[in-house]
Structures are given as structure tokens and as C-alpha cells.
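> Okay, here's the structure, questions in a sec.
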Amino acid sequence: GDSVTQTEGLVTLTEGLPVMLNCTYQSTYSPFLFWYVQHLNEAPKLLLKSFTDNKRPEHQGFHATLHKSSSSFHLQKSSAQLSDSALYYCALSPPMNYNQGKLIFGQGTKLSIKP
Amino acid sequence: EAAVTQSPRNKVAVTGGKVTLSCNQTNNHNNMYWYRQDTGHGLRLIHYSYGAGSTEKGDIPDGYKASRPSQENFSLILELATPSQTSVYFCASGELDQDTQYFGPGTRLLVL
């Protein structure tokens, strides 16, 4: 079955350094990939979503590139901010024809930014 | 902005007791979902629904039931709560052709 793997449970960085959170996936189809972000005591919310035309999605300084050859959708930002501290989930959704409306989430990566 | 609310926000229950978690959405979305969130496991799907009257099993449905009496409301029912069901529960709504899911604020459940 489809699955998403986030290998890092916790990533700790100093403010101003680049961020990269890893996400790899397994899927029978060519899925859509997502990053959701959850700040402390808040609900998860969509950060960005892969496009069908290979454009690179960007939001709030974060971007991610879908690499089908390596089944990866790593999240990157050039310079971390204290406000980026949160729990980040990678998720996948199979194409609509094969999708029951479900998202498959990874285990989550906690990003902690230090001054 | 999408609006999903959950009640109660916090709940303490006893082992063997019945617990009902409620979710309401004003987005007019057809799909609704219940997840539980546990460290190291991420968000795991318990039950979901395509519309009023429908419920479907997710990935971890054992010990849980769901009810969708209307487009707006989706409940998660623990008939006989166990300590292993201590967790944070999130409800979400969405549409099949839009992929994005909108989450509620969560319910913290402690089963003693």
C-alpha cells in the first residue's frame, strides 16, 4: 500500500540556517504530495502542495520539489526563523480516480529553531 | 476561511465508559475525517465519511464507531474506552477533488 516516510523525528537548528526536512514516499500511482504544519496547540494546516505541471510550490518562504525518480518531496527554506518551530507532516494523496478522499500522513518531524 | 469545530476540547474518561467526540463543519464539504495523533505515529485515520449517512473504516478503526447524521456533523464514539485510546483526536473536512483537508482544533482525551 501507499506510505510516507519522514526519517527525522526532531530537527534542531539555529535561527538563520537553512532548513531541509526529508520526505520519501511509496505509491502505486503518481500521487499529489503535501506538507502540513502544526504549531503548538493548533490544528494542522496546509503549507504547500505539489503541482501536476512540475512547478515548485512555495509558501511562507518554504518550498518543496517533487522528484518522482527518487520518490521524494523534501521541504526546504533558505533561512530558518524562530516562528518556523512547529510539527511538520508530509502527506500523499493518490490521483482522484483512485482516491477515496484520504490523505496518508508520515510520522511527522518536529522542527525546533534556537536563537 | 474553513471552519471546523470540535467538542469537547478536553475530556477525562474512565476505562469501560462511553465517550462521544463531536465535530461540526460549516464548509459544506462532503468528506469528513477522524484522526488520532500520537508521537511517533503521526496522524492516523480512524473513520471517514463521504456524506450524511455514510461512514467508512479508516486505517485504525478497531474500538471506534462513527456517525454522520448530517452534512455538518460527524461524531466519533468509543463504546468501551480503554487507556490505549488516550490521545489527541482531530476532525477534518474536505472535498474529494480538492485534496486539502481543513482540521479542527483537536480534542485531548485521557482515559484513566
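None of the figures in this text is laboratory data; all of them are computed from the coordinates on show. Here the structure is a predicted model, which means the values were calculated and not measured. Neighbour counts are summed over all protein chains in view; Cβ atoms, including those assigned to glycine, are modelled from backbone coordinates with ideal geometry.
> Can you name the number of the only condition in (1) touching a Leu at 6+ places or on another chain (Cβ under 8 Å); (2) closer than 18 Å to B:GLY40 by Cα that A:VAL19 fails?
It is condition (2) that A:VAL19 fails.
> In the stretch B:24-46, which residue that is in contact with a Gly (Cβ under 6 Å, 6 or more places away or on another chain) and either hydrophobic (A, V, I, L, M, F, W, C) or assigned to a loop (DSSP other than H, G, I, E, B) (or both) is surrounded by the fewest Cβ atoms within 10 Å (Cβ to Cβ)?
So the first thing to find is which residues in the stretch B:24-46 are in contact with a Gly (Cβ under 6 Å, 6 or more places away or on another chain), and the list is B:29-31, B:42, B:45-46.
From what's left, either hydrophobic (A, V, I, L, M, F, W, C) or assigned to a loop (DSSP other than H, G, I, E, B) (or both): B:29-30, B:45-46.
On the way: B:HIS29: 23, B:ASN30: 17, B:LEU45: 20, B:ILE46: 22.
Among those residues, the one meeting the criterion is B:ASN30.
> While we're here: Quick check on B:TYR35: is it touching a Lys or Arg at 6+ places or on another chain (Cβ under 9 Å), in contact (Cβ under 8 Å) with a residue 40 or more places away in the chain and at the interface with chain A (Cβ under 10 Å from one of its Cβ atoms)? So that I can check it myself, show each step before the final result.
On the way: touching a Lys or Arg at 6+ places or on another chain (Cβ under 9 Å): yes; in contact (Cβ under 8 Å) with a residue 40 or more places away in the chain: yes; at the interface with chain A (Cβ under 10 Å from one of its Cβ atoms): yes.
When the stated conditions are applied, B:TYR35 passes them.
> Of everything in the stretch B:1-23, what is of a type outside the set (Gly, Ala, Ser), surrounded by fewer than 16 Cβ atoms within 10 Å (Cβ to Cβ) and not in a loop (DSSP other than H, G, I, E, B)? Give them in sequence order. Walk me through it before giving the result.
In the first step, residues of the stretch B:1-23 are kept if they are of a type outside the set (Gly, Ala, Ser); the result is B:1, B:4-6, B:8-12, B:14-15, B:18-21, B:23.
Cutting the leftovers down to surrounded by fewer than 16 Cβ atoms within 10 Å (Cβ to Cβ) gives us B:1, B:5, B:8-10, B:12, B:14-15, B:18, B:20.
Selection gives B:THR5, B:ASN10, B:VAL12, B:THR20.
> Shifting gears a bit: If I filter the stretch B:56-112 down to residues being of a type in the set (A, V, I, L, M, F, W, C) and under 16 Å from B:HIS29 (Cβ atoms), which single residue comes out as surrounded by the fewest Cβ atoms within 10 Å (Cβ to Cβ)? Step through it out loud before you land on a result.
Of the residues in the stretch B:56-112, the ones of a type in the set (A, V, I, L, M, F, W, C) are B:60, B:66, B:74, B:76-78, B:80-81, B:88, B:90-92, B:96, B:103, B:109-112.
So of that shortlist, the ones also under 16 Å from B:HIS29 (Cβ atoms) come out as B:66, B:74, B:90-92, B:96, B:103.
Details: B:ALA66: 23, B:PHE74: 30, B:PHE90: 25, B:CYS91: 28, B:ALA92: 26, B:LEU96: 15, B:PHE103: 23.
Applying the filter and picking the extreme gives B:LEU96.
> Something else about it: In the stretch A:52-95, which residue that is hydrophobic (A, V, I, L, M, F, W, C) and within 12 Å of another protein chain (Cβ to nearest Cβ) is surrounded by the fewest Cβ atoms within 10 Å (Cβ to Cβ)?
So the residue we want is A:LEU87.
> So, one more: Select, from B:TYR102, B:TYR89, B:TYR48, the only residue that is free of Cβ contacts under 8 Å to residues at least 40 places away in the same chain, out of contact with any Pro (no Cβ under 7 Å at 6 or more places or on another chain) and either within 13 Å of another protein chain (Cβ to nearest Cβ) or over 28 Å from A:LEU47 (Cβ atoms) (or both). So that I can check it myself, show each step before the final result.
Details: B:TYR102 fails: free of Cβ contacts under 8 Å to residues at least 40 places away in the same chain; B:TYR89 fails: free of Cβ contacts under 8 Å to residues at least 40 places away in the same chain.
Among B:TYR102, B:TYR89, B:TYR48, only B:TYR48 is free of Cβ contacts under 8 Å to residues at least 40 places away in the same chain, out of contact with any Pro (no Cβ under 7 Å at 6 or more places or on another chain) and either within 13 Å of another protein chain (Cβ to nearest Cβ) or over 28 Å from A:LEU47 (Cβ atoms) (or both).
> Mind telling me which of the residues B:HIS41, B:HIS29 ends up being under 18 Å from B:PHE103 (Cα atoms) and more than 9 Å from chain A (Cβ to nearest Cβ)? Outline the logic, then answer.
Details: B:HIS41 fails: more than 9 Å from chain A (Cβ to nearest Cβ).
Testing whether each residue is under 18 Å from B:PHE103 (Cα atoms) and more than 9 Å from chain A (Cβ to nearest Cβ) leaves just B:HIS29.
For every residue, the table says whether it meets (1) of a type outside the set (D, E, K, R); (2) more than 14 Å from B:VAL12 (Cβ to Cβ); (3) within 12 Å of the chain's Cα centre (by Cα); (4) not in a loop (DSSP other than H, G, I, E, B).
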{"residue": "B:SER70", "(1), (2), (3), (4)": "yes, yes, no, no"}
{"residue": "B:LEU76", "(1), (2), (3), (4)": "yes, yes, yes, yes"}
{"residue": "B:VAL88", "(1), (2), (3), (4)": "yes, no, yes, yes"}
{"residue": "B:SER93", "(1), (2), (3), (4)": "yes, yes, yes, yes"}
{"residue": "B:PRO105", "(1), (2), (3), (4)": "yes, yes, yes, no"}
{"residue": "B:ARG108", "(1), (2), (3), (4)": "no, no, yes, yes"}
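> Looking only at the stretch B:52-63, count how many residues are part of a loop (DSSP other than H, G, I, E, B) and either at positive phi or within 8 Å of chain A (Cβ to nearest Cβ) (or both). Reasoning before the result, please.
Step one: filter the stretch B:52-63 for residues part of a loop (DSSP other than H, G, I, E, B), giving B:52-55, B:58-63.
Next cut, either at positive phi or within 8 Å of chain A (Cβ to nearest Cβ) (or both) only: B:53, B:58, B:63.
Matching residues across the stretch B:52-63 total 3.
> Among the residues of the stretch A:1-19, which ones are surrounded by 15 or more Cβ atoms within 10 Å (Cβ to Cβ) and either under 14 Å from the mean Cα position of the chain (by Cα) or without any contact (Cβ under 8 Å) to a residue 60 or more places away in the chain (or both)? Can you show your working first?
Let us first name the residues in the stretch A:1-19 that are surrounded by 15 or more Cβ atoms within 10 Å (Cβ to Cβ), namely A:2, A:4, A:6, A:8, A:11, A:13, A:19.
The answer is A:VAL4, A:GLN6, A:GLU8, A:VAL11, A:VAL19.
> Okay, next question. Can B:GLY16 be described as of a type outside the set (D, E, K, R), at positive phi, free of Cβ contacts under 8 Å to residues at least 24 places away in the same chain and more than 10 Å from every other protein chain (Cβ to nearest Cβ)?
Working: of a type outside the set (D, E, K, R): yes; at positive phi: yes; free of Cβ contacts under 8 Å to residues at least 24 places away in the same chain: no; more than 10 Å from every other protein chain (Cβ to nearest Cβ): yes.
In short, no.
> How do the strands (runs of 3 or more DSSP E) wholly within the stretch A:16-115 filter down when requiring 1 or more residues that are farther than 28 Å from B:ALA3 by Cα and out of contact with any Ser or Thr (no Cβ under 8 Å at 6 or more places or on another chain): which remain?
Values: elements: A:19-21, A:24-26, A:32-38, A:45-49, A:62-64, A:75-77, A:86-93, A:109-114.
Of the strands (runs of 3 or more DSSP E) lying wholly inside the stretch A:16-115, those with at least 1 residues that are farther than 28 Å from B:ALA3 by Cα and out of contact with any Ser or Thr (no Cβ under 8 Å at 6 or more places or on another chain) span A:19-21, A:75-77.
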